[in-house]
1. Sort out which residues of segment A:109-141 are more than 14 Å from the chain's Cα centre (by Cα) and under 18 Å from A:Pro177 (Cα atoms), and write them in order of number.
2. Among residues belonging to segment A:2-18 that are part of a helix (DSSP H, G or I) and among the aliphatic types (A, V, I, L, M), point out the one that is modelled with the lowest pLDDT.
3. Would you pick out the residues in segment A:109-125 that are surrounded by fewer than 24 Cβ atoms within 10 Å (Cβ to Cβ) and not in a strand (DSSP E or B)?
4. Could you list, in sequence order, the residues of segment A:117-132 that are closer than 22 Å to B:Ala107 by Cβ and at the interface with chain B (Cβ under 9 Å from one of its Cβ atoms)?
5. Of these, B:Gly10, B:Gly23, B:Gly74, which one is under 23 Å from the mean Cα position of the chain (by Cα), crowded, with 16+ Cβ neighbours inside 10 Å and under 30 Å from B:Asp267 (Cβ atoms)?
6. Could you list, in sequence order, all residues of segment A:331-345 that are among the small types (Gly, Ala, Ser) and more than 16 Å from A:Leu319 (Cα to Cα)?
7. Identify, please: which residue in segment A:197-216 is touching a Phe, Trp or Tyr at 6+ places or on another chain (Cβ under 7 Å) and not aliphatic (A, V, I, L, M) and is, among those, farthest from A:Val184 (Cα to Cα)?
8. When you go through (1) within 26 Å of A:Tyr305 (Cα to Cα); (2) surrounded by fewer than 18 Cβ atoms within 10 Å (Cβ to Cβ) one by one for A:Asp163, which number turns out not to apply?
There are 2 protein chains.
Amino acid sequence: MVNQRMYELGSEPSAIRELFAYGLARKEEIGAENVFDFSLGNPSVAAPEAVKKAALELLEMPAQQVHGYTPAPGAPGVRRAIAESLNHRFGTAYSAENLYMTVGAAASISISINALGAPGDEFMVIAPYFPEYRVWIENAGCVCVETPARIGSFQLDIQAIEDAVTERTKAVIVNSPNNPTGAVYPECDLVELANTLRRKQDEYGHPIYLISDEPYREIVYGDTNVAFIPTLFENTLVCYSYSKSLSLPGERIGYVLVPPAAADAADVYAAVCGAGRALGYVCAPTLFQGVIEKCVDVPCNVDAYRENRDALYNGLAKLGYECVAPQGAFYLWMRALEPDAKAFSERAKKHELLVVPSDSFGIEGWVRIGYCVDRAVIDGALPAFAALMREYQAESL
Amino acid sequence: MVNQRMYELGSEPSAIRELFAYGLARKEEIGAENVFDFSLGNPSVAAPEAVKKAALELLEMPAQQVHGYTPAPGAPGVRRAIAESLNHRFGTAYSAENLYMTVGAAASISISINALGAPGDEFMVIAPYFPEYRVWIENAGCVCVETPARIGSFQLDIQAIEDAVTERTKAVIVNSPNNPTGAVYPECDLVELANTLRRKQDEYGHPIYLISDEPYREIVYGDTNVAFIPTLFENTLVCYSYSKSLSLPGERIGYVLVPPAAADAADVYAAVCGAGRALGYVCAPTLFQGVIEKCVDVPCNVDAYRENRDALYNGLAKLGYECVAPQGAFYLWMRALEPDAKAFSERAKKHELLVVPSDSFGIEGWVRIGYCVDRAVIDGALPAFAALMREYQAESL
């Protein structure tokens with residue numbers, strides 16, 4: 001008697017959440033220090049002091065002002081601050097009117113899909129991909145079209161994308177730095193993608209949008225450059241969140257940017273406002289709109305993630321695991337030691353290693369290891385990964 | 001090239017928002033003290049000191065804990081605290097597992113509709129009604145069926161509801177204390193409604209739910225009793241928000257309660273979780289989940305609203321306006337001085353009075369006056385209402 005699709009979505013928890021719940025129970029049983037939980041993307045680095053300082057300052061202001069409704073697209077001050085910050089960093093010319101504040105990246109993407117898509121329209125995702133993309137696309141009555149990345153490097157396969165674009169393609173969702181692979185798309189590939197999409201736009205006579213999901217924009221290592229996609233392809237909507245860069249995942253604060261150069265920009269922006277309204281959003285949390293206004297240029301501290309990445313990647317490589325060297329985000333993508341990633345993940349559990357099988361992300365044979373954890377978890381896990389490897393080696397003899 | 005329905009929702013702002021925007025511009029022109037803006041439901045009473053104290057305490061805790069993801073249905077602590085508070089006040093036996101924390105009442109209702117409704121199902125609303133109900137119902141592919149309240153008292157017309165129930169009726173949305181009329185439904189009427197719905201359930205062989213939208217539950221005057229509807233009708237989902245009772249409208253924090261006695265309660269709860277996921281919600285803002293845990297029993301201060309209500313209602317009645325005496329919420333519902341409420345609202349504007357025409361709420365000939373304002377606005381407005389009355393009287397001579 002309830003909506004069957006909603007019931008199924010709610011009663012079949014994601015593999016990630018299920019593994020996380022298993023980990024919590026297991027930690028109760030054998031002690032937290034004996035379980036190596038790499039299941040989630042919950043930042044291990046604390047929010048910067050500047051966030052606390054901003055919140056404390058705001059709480060001293062008149063409460064009606066701090067906690068009142070803002071206009072649905074967000075308070076003018078924070079939208080202006082974000083526009084100025086983007087303009088300063090990327091040489092753009094955005095204004096507050098191009099920004100719509102949201103309750104985090106999930107809301108940003110869900111709203112963007114609903115704003116653009118009519119039932120039957122196609123949204124392309126690059127496998128492996130964040131599994132909720134499919135949920136939001138299908139909830140809008142649209143079709144989720146999976147196009148694989150290049151297995152090995154997990155970079156864009158632009159020919160495959162070109163081949164998969166049809167007359168019904170409304171948008172392609174890209175995510176760089178990537179969850180789950182840690183890949184960062186180089187500018188040259190994004191330029192090629194832009195040219196491909198422009199050709200297809202000409203062929204079909206209507207715009208094809210890029211939805212750039214970029215909560216990890218600031219989380220990169222070494223001299224990796226993260227291109228700002230709207231400067232390469234005009235029809236790009238940016239979906240951002242401060243969950244990772246400012247370690248505020250629970251506060252649900254982010255935005256959609258509709259660049260003025262995008263095709264039908266005014267209509268798209270209006271549709272974004274309409275989709276927010278239709279889905280039940282009213283405004284982004286007011287206190288954290290104020291915090292972001294004050295913290296928009298606070299740098300993201302990636303030192304701990306870099307150290308984790310180096311320790312984990314080098315450790316696993318030395319043990320003989322095939323890993324993608326993460327250029328950004330805080331996930332390491334590793335080939336399972338048997339073709340069935342779920343079976344591999346189950347065997348890893350016996351060694352108290354919690355890693356997410358790639359099936360959740362739309363491909364087979366790999367696992368995601370979230371290294372946004374205390375360093376001790378990595379140091380403790382490496383001997384367990386060694387034992388797991390020995391177990392597989394012994395069997396293959 | 002965008003979703004046409006979303007474009008329309010986003011580009012045609014609600015009458016309320018439009019009036020509010022007009023008021024802001026007008027205040028710039030002639031000074032804020034000369035504009036009597038009754039358009040919004042933004043609480044004029046500040047959040048209680050306890051809210052600030054709770055937020056300050058939380059901000060001293062480790063940041064990962066304060067700002068991290070919670071489980072999708074909310075942190076166990078706040079859900080337990082709310083369950084215990086409800087049990088204490090209403091003699092119920094709820095537990096944390098019956099509660100799903102949301103980003104405010106709009107999210108609560110949107111999620112409940114999506115959880116229950118399949119395309120083509122009917123949701124009944126009692127006119128006049130909060131206009132976004134229709135938006136959320138139609139966004140779920142369902143049908144919004146308007147049933148009028150009894151004109152004059154604006155109490156439930158239970159015969160009309162009975163006549164309008166069909167085999168496709170999935171739920172009836174009730175809102176007491178009511179926005180926009182200020183009416184509170186007496187327990188005897190709710191018992192009669194419950195009996196009617198039970199009869200209809202038997203007739204059609206499936207449950208019919210009540211969705212009780214009750215952000216104004218604590219905002220009542222005199223000895224008015226607000227019945228707790230799940231204790232009268234088992235198939236009731238409660239959609240609550242702290243926007244009004246704790247003056248936190250911008251922070252977006254509320255819940256859905258699925259009582260264990262409701263038909264298919266476990267399935268409904270799972271579908272609520274699924275609908276939250278499908279619409280792009282991840283969790284309610286973490287800091288304010290913590291604030292609510294600490295403030296769940298902080299009393300709502302209605303003194304200022306009561307004084308406003310008395311001054312406004314007595315003042316308007318003395319001038320000869322026909323008003324519904326508000327029993328709760330902070331809206332006064334007044335008959336327009338001509339059948340066309342929009343025309344009346346336009347003429348009120350000439351006297352700098354901003355009142356919302358009833359057409360937005362699904363009936364003709366009345367206006368909503370939101371008295372969650374500074375007392376000075378009411379004192380300044382009464383002479384303007386007097387002048388408006390004289391203008392109409394002069395014309396009818």
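1. Within segment A:109-141, A:Met124 is the sole residue that qualifies.
2. Filtering segment A:2-18 for residues that are part of a helix (DSSP H, G or I) and among the aliphatic types (A, V, I, L, M), the one modelled with the lowest pLDDT comes out as A:Ala15.
3. Selection gives A:Ala118, A:Pro119, A:Gly120, A:Asp121.
4. Answer for segment A:117-132, where residues must be closer than 22 Å to B:Ala107 by Cβ and at the interface with chain B (Cβ under 9 Å from one of its Cβ atoms): A:Gly117, A:Glu132.
5. Going through B:Gly10, B:Gly23, B:Gly74 in turn, the sole match is B:Gly74.
6. Those that are among the small types (Gly, Ala, Ser) and more than 16 Å from A:Leu319 (Cα to Cα): A:Ala341, A:Ala343, A:Ser345.
7. Among them, the one singled out is A:Pro215.
8. Going through (1) within 26 Å of A:Tyr305 (Cα to Cα); (2) surrounded by fewer than 18 Cβ atoms within 10 Å (Cβ to Cβ) one by one, A:Asp163 breaks only (1).
The values are calculated or read from the model by the stated rules, or taken from the named source; none is laboratory data. Keep in mind the model is a prediction, meaning the values are calculated, not measured. Methodologically, a virtual Cβ is constructed for each residue, glycine included, from the backbone with ideal geometry; neighbour enumeration extends over all protein chains shown.
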